[in-house]
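The structure appears below as structure tokens.
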């Protein structure tokens, strides 16, 4: 057999010394070979061991994993999860720097660094008086219009809830509903179709009995509708308040207010909840830093890094920020950042969820600049971030008691870098005193009375002046927002005071453009629903084309009427405006600095989590990903709307930070004008109006939109990532990045930036760890008892308790909204996060480390129980013969038969009695050869198959959501697939059957479930004898290749789901609810132990087909399958059923698609031209 030879080659190619007993395994194919010398030595030692009666060995959990490492894959699966060292570690800057001599403002200190002189103190007072005090006086004159107090709060009340659980609902600042509402939101994971259909069909199966339950359901949905209307009403009122604010610079320009979003308050949490959580800027594990000497640079206690941004915003700006001194031009070159402790040695410097993918930020080592003091740094930070950019919610204070805040320094200090180039990659930096002097000099009225009159007389002078000031940030302290970018400065004939007019090409806040236009939103929703309905139809009639065209025209008319385009042009008088000398590139650098420092602060807090885990991650991005809840979106480092308003009002105009990624392809959902104008109905065979699915490129760009059958079918049609395709994509990525190889290892990572995929894998890891310990600790417990204990350990309530012991709630990153306000919701998320954390550790270091962390969390301060849990006894069959039992083969006939099976699969068992036990069914009486039947091994093998399948799918399908991975895993681990594997390997032939039973039933006829149990028991025996590595290679040969068949034949989509999807294509858009198939039981035959059910499926009160089965579920599946085959003409839109009718008819006979059968079916599938 080719698969057996492949298995032989795979195992023999591994390093012999790494897995201990690999050398003692006989690896042969069909030819068969004699045992090697090592096997003979094992037999000799085993014979001696029976005479000497050695003590029963006890092995620790660390010894279990010696043969179970999964991270030596020859295809480099582990490498695709690891980032490049340059992205993890802190690199060194390629430039050398020098600072201008301190001059009269700084003195050199004896211990190093600089100290302030009286001249510098005078300059600081002048800066504060001329600039900061002027701005504060202008702000004091602004008319007040304070936001209303928070209303409609639904506090989460519980008797003993944690402070983090007392969060009240965020009504205005979130677009998603509570997780307990019963409705799926965009933030929720993709659920399987079968579960969705179960809820639908369950309502129909009950017939008229559900009429009593529909009223409470309608009431609940009615309350939700009213709640959403209240949220929208509150948001509209808040937007109108802001747009009509007496100090507003313009109704279409958003401005910042402390603790406020553009459509309501930022946080509606209780006081207790505000004291904890990353969403409130509270990072666990922070300690107070000694306060710096304000009049010194403190360079001996600060750690200096340079924030490097690619591409440099100055290179993208036509008017970068620069300073002219002594005939030299010093351009703004970013920020130097000073931390009070060194950054982590290895951490991902690019945040997983950041607001832009166009700019990459990282910190570099560089020699510290001179000529500054901490007072200078704080004065500049107050000027730029608090006064100019108005980032009121930016919080640099540490999470320490209030009484320690005044005696502690903020988390970081920043220094603006103005540099000019020197030979040999050198840079000369300006001292901060020169920078402060420059801003003092430039902080003058943009146009005063005398200059305005001069420009009125001499228009050419205004043109020259406008060219100099173009792109500069100007401020008006009497208005909101205070700062705005000057794009044009031109004369206006209507201006009686002769002040030029500032023209600003701005962008409306998203809330201003859409939330204030409910009519346009309703029309957009209906238009999208119509397009979605038409996309599921094989052809579009002329009436439907006309309806779509009318809907689109109505929507465009509302857009023009409401002027809902975000781009806007604002004309403002230049009176009372001041020049600052700051341009847009410095603003963008500042927002990126806030993002990068917040990201660093989060990872410094993760050091505290690693101390609790007693483990340091090699790949920190896995830990970061495990803590990100699906509700979390983009990270700005501060109030998201504040950062967006700053970028819209003062950022670059290149469109990188505000525009979304668009595709050049035309939307396939809108018919062409020729089709719309055509009066003839489309032909039946025409594919002109067939709607295309999303391409892979579009799917990657639209990962946030996971609903819809089209998106589901496109994702599930993707094949696994092969090593050759990965290399080609990596080479393309290299070329696109100028030959820089740093991004190559990142290309194979998943584009899904939350922890649901890790939770999918972690669930299998936790179940495996629990099963292993229970299996070896309770040797006399049957399968039912083990399952009961395991369910108690792996349930969400218990996992949430383990997560609480680790303090995961202090590190979880999730949206600042109502999703996790209630205690039950938060604990459910904590359980998922704990599973994701276990998966992250598994991918980072393997099972041994996962087992240690799980055991320490399970038994806190319980040393005795921890020792019992970690020191596992050997399997009873291995205790009897520690050095192997192959010496028994010659005297036991059934063992001789199993040797033939070993030769077929290419694996030699060291303890062949384990293999015999795997082939011993429950009906065999207790005997001293196997010491019982195979039910316990079947319980163990089921978990092993779940783990290996989950790991394989996680690594090979990075574009799949958790729900998609679950569908594929179900295909591989289902009983039908395992039964096919059993038939391919002819396992039934090698069953251990006593002579008495063999005379009664020479040829046992096993059911599908019995064959599946046999395969799982074999996996369990293989694990106990050889370890997880052998199980992994066995699954690679016998299970994973069948995945291609399931994908090509769409076997992941069960017949009931396919029938419902086909019925939905016949939906009448005018009806309120779609027609779905109904299943009715029409007959039950036979006794209770062999009962046969007859089920009929109806659609629109018409019977489609009838199916029979041993259970109600199987009968419904069969009825749906028959309905699809017998009514193919009715469901023409289902191209799969229409074009692959013969294959579909033979589905059940193929089972899991194994051996030669799968090759035949895949060959036939490849001949079919699928319609996309």
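Readers should treat all values here as calculations from the given coordinates under stated rules, not as data from a laboratory. Everything numeric here is computed off the predicted structure, so don't read it as measured data. Cβ placement follows ideal geometry from the backbone for every residue including glycine, while neighbour counts extend to all protein chains displayed.
What number, in percent, do you get for the relative contact order of the range 756-870 if the mean sequence gap of Cα pairs under 8 Å and at least 6 apart is divided by its residue count? So the answer I get is 37 percent. A protection proxy built from the mean count of other Cβ atoms within 10 Å ranks the segments 1116-1123, 272-279, most packed first, as 1116-1123, 272-279. Take the Cα radius of gyration of the range 756-870 and divide it by 2.2 N^0.38 Å, N being the number of residues; the result is 1.10. Sorting 585, 983 by the number of Cβ atoms found within 10 Å of their own Cβ, with the fewest placed first, yields 983, 585. Each of 860, 1097 has some number of other Cβ atoms within 10 Å of its Cβ, and from fewest to most they run 860, 1097.
Taking other C-beta atoms within 10 Å as the exposure proxy, 376, 1075 rank 1075, 376 from fewest upward.
The calculated pair-distance distribution of the range 407-526 uses every alpha carbon pair, bins of 10 angstrom beginning at 0, and gives 10, 24, 24, 22, 14, 5, 0 percent. Working ranking of peptides 629-639, 825-835, 783-793 by packing, defined as the average number of other Cβ atoms within 10 Å per residue, highest first, is 825-835, 629-639, 783-793. Treating each Cα of the range 932-973 as one equal point scatterer and applying the Debye formula with no solvent, the log10 of I(q)/I(0) at q = 0.21, 0.25 Å⁻¹ comes out as -0.65, -0.80. Using the average count of surrounding beta-carbon atoms within 10 Å as a protection proxy, the listed peptides 383-392, 1054-1063 rank, highest first, as 1054-1063, 383-392.
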